[in-house]
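The values are calculated or read from the model by the stated rules, or taken from the named source; none is laboratory data. All figures in this text were calculated on a predicted structure; none of them were measured in a lab. Cβ coordinates were reconstructed from backbone atoms using ideal geometry, including for glycine residues, and neighbour counts include every protein chain displayed.
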Amino acid sequence: MSSETILDVAGLRTTFHVKRANKKYALKAVDNVSFHLDKGEILGFVGETGCGKTTVGRSIIKLTKPEGGVVTFGGNNILNLTGRRLREVRLKVRMVFQDPYASLNPRRRIADSVAEAGDIHKLFNSPQDRLKQIAETLKRVGLDPSFADRFPHELSGGQRQRVGIARALLPIPGIIIADEPVSALDVSIQAQILNLLLDLRKRLNLAIIFISHDLSVVGQICDRIAVMYLGRVVEIGEAEELFNRPLHPYTQALIHAVPKPNPRLRIGKGMALGEPPSRFELKPGCTYADRCPLAEGVCLTDVPEIKTVKNAQMAACHKL
């Protein structure tokens, strides 16, 4: 893994304006999120459903329009790019979507789905070159080139997700944003897809942003992990360090909630997660204060800034 930063995100903010019971709300899906991604690194984003993980991934390449922040890739702020320049960046920062059934056009052959970006950007020198690159890409994800002539309904869920990954590899990008790529698959197939991503990272020196709600999956594949809660990153650090010595009370509760074969291996005092507060009427102060057994005083009035607590491990908590 290289220490060279390939992507730098600073102060990313994405707000959805929604109407509920004849009242308008500004829902902060991503609130001042900052992180960096190195070449060849796998950075995991984890948290409960609705915490903003997917919106972070979509906002980076403007599939969802951010409200503010800076996303630096190749010396440019992606959020300032439009038209051809934005399309060129999207060739280098590709996305693998969660649902392998919905992400492929059922009326298009696998070859056409895999080659779509190449067709749009005219990357093929000839029809023969197109067929050759499609075959090589399918082999790269563990599929026989004969799959090129099939339709999505002829494939299993795991095979479809391999096609989704293949589509993101033609042409070979610098970054892949994998949005819950194994959540819709059987456990045995999940392991195959995770091993495939690890193999591709090694062979192609890919950097991967791996989004998941499953801490046990993230722990298997990621070098670093960012824990999100209600739109904010509350802790980020090396995977092993974060699992063995979680700093933020929310991270501790998440890790304690992961099923373990031996209950004695549980970390911490087993703080209950409880129910999250309403996203429409958040109170001042720390967003986790309503569920945190340590909350008092300043926690109820001031939003904690994320800071380095130990080595490279960072957390946003007034009690640290």
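At pLDDT 75 or above, surrounded by 15 or more Cβ atoms within 10 Å (Cβ to Cβ), in contact with a strand residue (DSSP E or B) (Cβ under 7 Å, 6 or more places away or on another chain) and not in a strand (DSSP E or B) - does that describe any residue in segment 281-304? Yes; the residues of segment 281-304 include at least one that is at pLDDT 75 or above, surrounded by 15 or more Cβ atoms within 10 Å (Cβ to Cβ), in contact with a strand residue (DSSP E or B) (Cβ under 7 Å, 6 or more places away or on another chain) and not in a strand (DSSP E or B).
For segment 1-37, what are the residues that are surrounded by fewer than 16 Cβ atoms within 10 Å (Cβ to Cβ), of a type in the set (A, V, I, L, M) and touching a Leu at 6+ places or on another chain (Cβ under 7 Å)? The answer is VAL18, and nothing else. Hey, among the residues in segment 41-67 that are modelled with pLDDT of 95 or more and of a type in the set (Gly, Ala, Ser), which one's nearest to ILE255 (Cα to Cα)? It comes out as GLY44. I need a count of the residues in segment 13-61 that are under 23 Å from PRO181 (Cα atoms), assigned to a strand (DSSP E or B) and hydrophobic (A, V, I, L, M, F, W, C). Result for segment 13-61: 9. Once segment 252-274 is narrowed to residues that are β-branched (Val, Ile, Thr) and within 13 Å of SER216 (Cα to Cα), the residue that is modelled with the highest pLDDT is ILE255. Within segment 62-78, being crowded, with 16+ Cβ neighbours inside 10 Å, under 18 Å from the mean Cα position of the chain (by Cα) and in a loop (DSSP other than H, G, I, E, B) holds for LYS62, THR64, PRO66.
Checking each residue in segment 196-252 for being touching a His at 6+ places or on another chain (Cβ under 9 Å) and among the hydrophobic types (A, V, I, L, M, F, W, C) picks out VAL227, VAL234. Looking only at segment 117-157, residues that are surrounded by 14 or more Cβ atoms within 10 Å (Cβ to Cβ), more than 26 Å from LYS202 (Cβ to Cβ) and not aliphatic (A, V, I, L, M) come to 6 in all. A residue that is in contact with a Leu (Cβ under 8 Å, 6 or more places away or on another chain), loosely packed, with under 15 Cβ neighbours inside 10 Å and either modelled with pLDDT under 85 or not in a loop (DSSP other than H, G, I, E, B) (or both) occurs nowhere in segment 231-247. Being closer than 20 Å to VAL258 by Cα and in contact with a Gly (Cβ under 6 Å, 6 or more places away or on another chain) is true for just one of VAL218, VAL234, VAL182. Which residue is that? After applying the criteria, what remains is VAL218.
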